[in-house]
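Comments concern the structure below.
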Amino acid sequence: SSGTGATSSSGGKQGNLLVSYFSNGYYSGVVATQPSLQAKIPGKVKFLEVQSGPATLAGMKSGSYNLTTQTGNPPVLGAIALNTNLSVIWVEAYDNAALVVQKSIKSPADLVGKSLGYLEGSSEDFSFQSWLKLNHLAGKVTLVNLDRQAMVAAFKTGKIAGGYNDAPFTSSMIASGGRQVVDSTQIAKMGFPALNMVTVDQSFAKANPKLVLGYLCADAGAYQLMTGPNKKQAITKASDFLGQTRALGVPTGLSYPLIAPKDELTSKGLGAPGNVKNGAVVQSLVKTGTFLKSQGIINKVPTVADITAHVDTSFAQKVANGACSK
Amino acid sequence: MSGTLSNPPTAILDPRLATGDAKPSLGGRLSELMRRRYLSVVSIVGALVIWELIAVLIVRDPVFLPTPIATVGALIHYWDRPYPSQGKPLWYDTYISLIRILVGFAIGTIIGIIIGGLMAAVRPIRSIIDPFIELTRPLPPLAFIPLLLVWFGLGETPKIVLITIGVIPIVTVSTAAAITDVPAELLHAARCLGASEFQTAVYVQIRAALPQIITGMRLAMGISWTSIVAAEFVAATAGLGYVILQAGQFLRTDLIFAGVLIIAVLGITLDALLRLLKSRIDPAGRSAQ
Amino acid sequence: MSGTLSNPPTAILDPRLATGDAKPSLGGRLSELMRRRYLSVVSIVGALVIWELIAVLIVRDPVFLPTPIATVGALIHYWDRPYPSQGKPLWYDTYISLIRILVGFAIGTIIGIIIGGLMAAVRPIRSIIDPFIELTRPLPPLAFIPLLLVWFGLGETPKIVLITIGVIPIVTVSTAAAITDVPAELLHAARCLGASEFQTAVYVQIRAALPQIITGMRLAMGISWTSIVAAEFVAATAGLGYVILQAGQFLRTDLIFAGVLIIAVLGITLDALLRLLKSRIDPAGRSAQ
Amino acid sequence: MALDIRGVSKHFRHKGKNTLALDNVDLHVQPGEFICLLGPSGCGKSTLLNIVAGFMKADSGTILSQGTPVTKPGADRCVLFQQPTLYSWMTTKQNVMFGPKMTGMDKTAASERAAELLDIVGLGAFQNHYPHQLSGGMRHRVAYARALINKPNILLLDEPFAALDAITRVSMQNFLLELWQQERTTILFVTHDVEEACLLADRVCVMSARPGRVHAISTVDIPRPRTQATVESQVFIENRRALRTTLEETLGQQEAVVQ
Amino acid sequence: MALDIRGVSKHFRHKGKNTLALDNVDLHVQPGEFICLLGPSGCGKSTLLNIVAGFMKADSGTILSQGTPVTKPGADRCVLFQQPTLYSWMTTKQNVMFGPKMTGMDKTAASERAAELLDIVGLGAFQNHYPHQLSGGMRHRVAYARALINKPNILLLDEPFAALDAITRVSMQNFLLELWQQERTTILFVTHDVEEACLLADRVCVMSARPGRVHAISTVDIPRPRTQATVESQVFIENRRALRTTLEETLGQQEAVVQ
Ligand SMILES: Nc1ncnc2c1ncn2[C@@H]1O[C@H](COP(=O)(O)OP(=O)(O)OP(=O)(O)O)[C@@H](O)[C@H]1O
Ligand SMILES: Nc1ncnc2c1ncn2[C@@H]1O[C@H](COP(=O)(O)OP(=O)(O)OP(=O)(O)O)[C@@H](O)[C@H]1O
Ligand SMILES: [Mg+2]
Ligand SMILES: [Mg+2]
């Protein structure tokens, strides 16, 4: 087929790396604001903000960026289902989402019959529906499909009893009288991890391996900064870059459930080379596929082999082998 | 006081009457219409064929461009199956969007006709309202979605309100213009024939303005459909706009096209109904249409 | 071949000329305009006062309804400060949206005039294109955003295309109508005066159609602004639509209103420019405007 | 007296200029009389007619219609315009029945009278046609039937034939003469056309412009019934010459005023 | 011969009905002659004029303008319409200069001729006015100046005064008579109005309708120069009566055909 993920057709001359990021992509925020980290990338980096799943997916499909960061399970799985030429090469963090409800709600049982907000088709949707099922609440609550910002408005004005939302929107909900019930890290431990991944256009990666590797080195460096002694400074800069207000953005960044570079090649991340299919990435993508299929959103779940073929550990291996310090 | 004038009524001077063309047969009118529509049908069929060929031969990726056949396939497939599974089947989406449009359109039309009528009747009201219509003309409806949510909650209200606020200015302007455009002589004639001011307003002025008001309503109906996706942007769980948004999330292009197709068909159908209504109340316009 | 006719030119029959009203002084025209606009200004000021009172006394929650003063305050505050902080200041957002509108509008206008001209010139082309315009009239632009992204990537192109596809049908229809509406006698007169067919088309037909084409452009300009938020909905990092969306995320209602205010002002200003253009090329319409 | 116009004045203010459209106009019309208002453009003919019809208020002066002061439009003074102003959404019959319907006249009686009038104007066979299915001349005839059904005290006609082509104009002039001879309704008829005024009127009120004044009232001394053949008679030519001279006096006056 | 119309026929097909608008029409016009086409509505007057102008093609027959066959519109046959059809975006002077600009005539010469013509039609002082700043009659005069600047072989006029009020019509008739007396351009003039035809023409071509045919060509035997006073002369009245009789014959014929 012709047009699938053509190599940087709409930009990115040789030596230019086009990176997508979200407004809560702290890794990218740190890389973008730390010249020392950018120095690790042998070329020019351009950061492109995206706001929604469709934009990420469409951007990957149209080849608008070479590398995506902070990409959740649904767009990645969607892209694989659409035969996009991409590889998952890194895992950055768990989703930073949580269920926030009004204080009057004390236990999951109190939720029966209540209206709850969620964003249909997002990675929060995947975690949330799984949690509802685990708590036997599926079908017993009224689900209201709301955009992330609309959910905050609806919660503030009492139109919903709570909602499963992404950070920092959860912070606004908590600030206006909400209580956190469960977050995605906890749900991940229950067997439904929602991951934030780095993907790359396969043909771009083949043509520009040094650029891609360089970006991962910077990303790994960002992890050190975000967990190191000066993390508050780094995250404040990143938060400014992302456009968060400091009051909300800095705490969110500090509490982000990051995945350490050392876990990349373990079952918490991409999985061990040769045993990728048992890694968190493939496992969670398979579950996401089954979920999306059960939602009727995709017609056919990509096979484990299909998904495995879209995971590329070679860059993570080079990082683990110390390629970054050379 | 009786007897017939010697000067006979001559139809000679009107060629239309002389050749008996005044009331062409229904069959004649239909075939006339057919002939006029012929090229249109050919061009639409041609476009479908070209689209199919481009999709199959050149693009060859249904995500970029589904074929017309795939589009119709998706439409049929999801007509009685929900998408996504906690959503509703397409027939229900169609139904719910239609209801929203019709309710929003009806409310907007009624408000628009009332305001427009007042503007036409009372000069100062016109001067007061005109600048607001000028001011609101360029405003993007999407900007108001967060506010509509805050003001009207999550139910049907904000969706209908969004459609209504698109309809009001168009119907207002066209109603005001239509009523103002009724020739003063038509009203003067009524007064001379013994009609009171009220009778003149109702039986002549508003009646004469109706066809042009309906033209405004046709325009407003078109605009209503263009805002159905925006209206169903927030907190919708069904509707064509909702399906289109959901399909967009995972680039189900065939389903987007199917939704758009339904909107096009409904849009044209409702327009045709309004046109029919217009031709019923405007005998002179029937052939001109 | 020379000498003057005995029958003198009498201006008597035209009261306008006899009373010297043909060319009223600029001052006179201005004050006339002022008087007509008087109520409009009063009504806008009145509305602002009522809005302020409602916001302060009844609603009393800036999230539901900011006061006009708070709106202007937000506008001034963010005029040269970025919102959000990695974003751009309002003046830059205004600038970038304006550029997008102008480019999209210019491209759409050029395409629309070309298609409309062809439709007016060649009857079959009209029959071919008409049904597509009918079909696309009710289609919601938001439905096409995922497709535009896939087709045109994330840069400026999809944003400009979205504006362009809103402009094209309006300018096309009005151009076709404008050119067709030029009275045949005007063209016949030109041919009798020695103009070639080409000269007649350019110097008379198109020239005579210009004012009505500009009317279509005014309509299209209004529509462009209504779709700026949709155009900047995805993958924008600046622009008024972007700011409005960002402000919506955090219910910064004052900033939403500030953005809407800028759009209203720009919309009216561009409309006024087009009106000025029209009055320059249509001496007869100057007083009628 | 069918119509009594006493000292009527009217001015307009437009773009800051005052126009005295009517300056102390007097005119007395006898029942059954046919009066023409003749004068150059802008002399106030339409203004006077509109005031008589009740569409406009005079600045000063009074109008009495059969002795009753005129304050608003009424079915006793029916205006016929240059265009037939039929209601396009009503059939011929419905158009004629409009007046009775509005005034609440008995429906059966009105329907009979409508049929009778449509026969008189020669449109008995076109009762169910819509206006757009009739020729220009036929539409005008419907307008006359519609006006006459209310038995108005006076018909006011403002250049009713000015928009017609010459041949239709002649036919409508004949029609009006015959209709008037049969029904003997009082008629006030505005025209620019000396020939037309001469052919139709008992008396012609010649007006001058700026300000609009009654310049002269000429009696037309031509025996009735008149037909198109009348225009060739010596008496017609003399009357017309006299009238033209009177009209030219008003034009001369006016030019003097302007220069 | 200024204009030679030989065996011209033309039919229209409209809604499946055939109308024979012109049936084998012959007409020969001498240089400097003033010819009127007179006939009832629909007899094909406008159709004939349009064919002569080159706006329409005849089904058969030929038209020669000064011996050259007519195939398309040209500056040798200038049409003046019922409306003055001035270009609203051009001043009086620019309107008059339109023809020379299109044909690429020398600009200075054209400008001089335009000024001269505007003086002749009495609008020397209105060169920089736009059409909407002129009265109806003045606009018509500009149209004449604009037509004459190309020195056409023949002027074609289609009911040019039908839309004017009676007084302006008389003034424009005088204007045209004087202009023609001065410039001696050949004129083909379409009218409905017997009186107008009689006053203006050397010869009147009376047409009948359905199918459109030349019924008769009458010579008008009235000495020139003619003025409005002419209409009172015995010779005028006789000519007019004769012409009216001829015209009525065509109407009678037609009615016979319809019934
Ligand atoms: N509504 C109006 N506002 C201002 N001036 C007016 C108005 N109506 C009429 N006039 C002026 O009053 C005068 C008389 O106008 P009116 O229409 O009565 O003349 P008329 O004799 O009917 O002319 P015509 O023969 O052209 O119909 C004219 O100078 C006209 O300009
Ligand atoms: N474009 C056309 N299509 C069909 N029929 C036409 C067309 N033009 C004219 N006719 C018919 O041809 C006949 C002659 O028309 P034409 O306009 O030449 O008459 P005319 O003598 O100029 O009439 P009038 O005095 O009303 O202007 C009429 O029966 C008319 O209906
Ligand atoms: Mg008048
Ligand atoms: Mg004609």
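The values are calculated or read from the model by the stated rules, or taken from the named source; none is laboratory data. Note that the structure is predicted; figures quoted are calculated from it, not measured. Positions of Cβ are generated from backbone atoms using ideal geometry, with glycine treated the same way; all protein chains shown enter the neighbour counts.
Figures for the structure shown
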quantity: Pick from the stretch D:152-176, criterion part of a helix (DSSP H, G or I) and either within 16 Å of ligand 1 (Cβ to nearest atom) or under 22 Å from residue E:43 (Cα atoms) (or both), ranking: nearest to the other protein chains (Cβ to nearest Cβ); calculated: D:166
quantity: Filtered residues of the stretch C:260-281 (kept if at the interface with another protein chain (Cβ under 8 Å from one of its Cβ atoms) and either surrounded by fewer than 20 Cβ atoms within 10 Å (Cβ to Cβ) or at pLDDT below 90 (or both)); calculated: C:264, C:266, C:268, C:271, C:281
quantity: Residue under evaluation residue D:179, criteria (1) of a type outside the set (Gly, Ala, Ser); (2) away from ligand 2 (no atom under 16 Å from the Cβ); (3) more than 23 Å from residue D:75 (Cα to Cα), criterion not met; calculated: (3)
quantity: Only listed residue being more than 26 Å from residue E:55 (Cα to Cα) and either within 16 Å of ligand 1 (Cβ to nearest atom) or among the basic types (Lys, Arg) (or both), chosen from E:218, E:233, E:135; calculated: E:135
quantity: Helices (runs of 4 or more DSSP H) completely within the stretch B:206-289 that count 3 or more residues being within 15 Å of the chain's Cα centre (by Cα); calculated: B:207-226, B:253-281
quantity: Index of the failed condition, residue A:41 passing every other in (1) in a helix (DSSP H, G or I); (2) more than 17 Å from the chain's Cα centre (by Cα); calculated: (1)
quantity: Unmet requirement for residue D:162, which otherwise passes all of (1) away from ligand 3 (no atom under 16 Å from the Cβ); (2) at pLDDT below 90; (3) small (Gly, Ala, Ser); calculated: (1)
quantity: Unmet criterion (only one of (1) charged (D, E, K, R); (2) within 16 Å of ligand 2 (Cβ to nearest atom); (3) in contact with a strand residue (DSSP E or B) (Cβ under 8 Å, 6 or more places away or on another chain)) for residue D:169; calculated: (3)
quantity: Helices (runs of 4 or more DSSP H) lying entirely in the stretch A:202-276 (those with 3 or more residues that are under 16 Å from residue A:33 (Cβ atoms)); calculated: A:209-227, A:231-242, A:246-254
quantity: Tabulated pairs, the stretch D:108-127, first on the phi > 0 side of the Ramachandran plot, second of a type in the set (A, V, I, L, M, F, W, C) and buried (at least 17 other Cβ atoms within 10 Å of the Cβ), C-beta under 7 angstrom, 6+ apart or interchain; calculated: D:122/B:5
quantity: Residue match in the stretch D:30-50 (condition: farther than 18 Å from residue D:201 by Cβ and without any contact (Cβ under 8 Å) to a residue 40 or more places away in the chain); calculated: yes
quantity: Selection within the stretch D:5-19 - at negative phi, touching a residue at least 40 places away in the same chain (Cβ under 8 Å) and in contact with an Asp or Glu (Cβ under 9 Å, 6 or more places away or on another chain); calculated: D:5, D:6, D:8, D:9, D:10, D:11
quantity: Evaluation of residue E:61 against (1) more than 12 Å from chain C (Cβ to nearest Cβ); (2) more than 16 Å from ligand 2 (Cβ to nearest atom) (one fails), failing number; calculated: (2)
quantity: Identity of the residue in the stretch E:21-32, more than 16 Å from ligand 4 (Cβ to nearest atom) and not in a loop (DSSP other than H, G, I, E, B), that ends up surrounded by the fewest Cβ atoms within 10 Å (Cβ to Cβ); calculated: E:26
quantity: Elements of type helices (runs of 4 or more DSSP H) in the stretch D:85-151, at least 2 residues being farther than 23 Å from residue B:199 by Cα; calculated: D:107-120, D:136-148
quantity: Top-ranked residue of the stretch E:184-207 - restricted to ones that are farther than 14 Å from residue E:244 by Cα and of a type in the set (S, T, N, Q), ranked as farthest from ligand 1 (Cβ to nearest atom); calculated: E:186
quantity: Residue check, residue D:41 under 21 Å from residue D:186 (Cα atoms), more than 16 Å from ligand 2 (Cβ to nearest atom), within 14 Å of another protein chain (Cβ to nearest Cβ) and polar (S, T, N, Q); calculated: no
quantity: Check on residue E:90, within 11 Å of another protein chain (Cβ to nearest Cβ), surrounded by fewer than 22 Cβ atoms within 10 Å (Cβ to Cβ), under 28 Å from residue E:174 (Cβ atoms) and aliphatic (A, V, I, L, M); calculated: yes
quantity: Subset tally (residues that are within 14 Å of chain B (Cβ to nearest Cβ) and not basic (Lys, Arg)) for the stretch A:286-316; calculated: 13
quantity: Evaluation of residue C:150 against (1) surrounded by fewer than 22 Cβ atoms within 10 Å (Cβ to Cβ); (2) touching a helix residue (DSSP H, G or I) at 6+ places or on another chain (Cβ under 7 Å); (3) not charged (D, E, K, R) (one fails), failing number; calculated: (1)
quantity: Identity of the residue in the stretch E:188-199, crowded, with 24+ Cβ neighbours inside 10 Å and either modelled with pLDDT of 95 or more or within 15 Å of ligand 4 (Cβ to nearest atom) (or both), that ends up nearest to the other protein chains (Cβ to nearest Cβ); calculated: E:191
quantity: Any hit, the stretch E:33-46, residues being within 13 Å of ligand 4 (Cβ to nearest atom), assigned to a helix (DSSP H, G or I) and assigned by the TED database to the domain that holds residue E:169; calculated: yes
quantity: The stretch C:235-259 - residue that is over 22 Å from residue A:155 (Cα atoms) and surrounded by fewer than 23 Cβ atoms within 10 Å (Cβ to Cβ) and, of those, nearest to the other protein chains (Cβ to nearest Cβ); calculated: C:237
quantity: Flag for residue E:53 being within 20 Å of residue E:206 (Cα to Cα), surrounded by 20 or more Cβ atoms within 10 Å (Cβ to Cβ), away from ligand 1 (no atom under 16 Å from the Cβ) and away from chain B (no Cβ under 14 Å); calculated: yes
quantity: Residue under evaluation residue D:181, criteria (1) assigned to a helix (DSSP H, G or I); (2) within 16 Å of ligand 1 (Cβ to nearest atom), criterion not met; calculated: (2)
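Conditions (1) out of contact with any Lys or Arg (no Cβ under 6 Å at 6 or more places or on another chain); (2) touching a residue at least 60 places away in the same chain (Cβ under 8 Å); (3) surrounded by fewer than 23 Cβ atoms within 10 Å (Cβ to Cβ), marked per residue:
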{"position": "C:141", "(1), (2), (3)": "yes, yes, yes"}
{"position": "C:158", "(1), (2), (3)": "yes, yes, no"}
{"position": "C:183", "(1), (2), (3)": "yes, no, yes"}
{"position": "C:197", "(1), (2), (3)": "yes, no, yes"}
{"position": "C:231", "(1), (2), (3)": "no, yes, no"}
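The rows are residues; the columns are (1) surrounded by 12 or more Cβ atoms within 10 Å (Cβ to Cβ); (2) modelled with pLDDT under 85; (3) in a helix (DSSP H, G or I); (4) over 23 Å from the mean Cα position of the chain (by Cα).
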site: D:214; (1), (2), (3), (4): yes, no, no, no
site: D:221; (1), (2), (3), (4): no, no, no, no
site: D:230; (1), (2), (3), (4): yes, no, yes, no
site: D:235; (1), (2), (3), (4): yes, no, yes, yes
site: D:239; (1), (2), (3), (4): yes, no, yes, no
site: D:246; (1), (2), (3), (4): yes, no, yes, no
site: D:256; (1), (2), (3), (4): no, yes, yes, yes
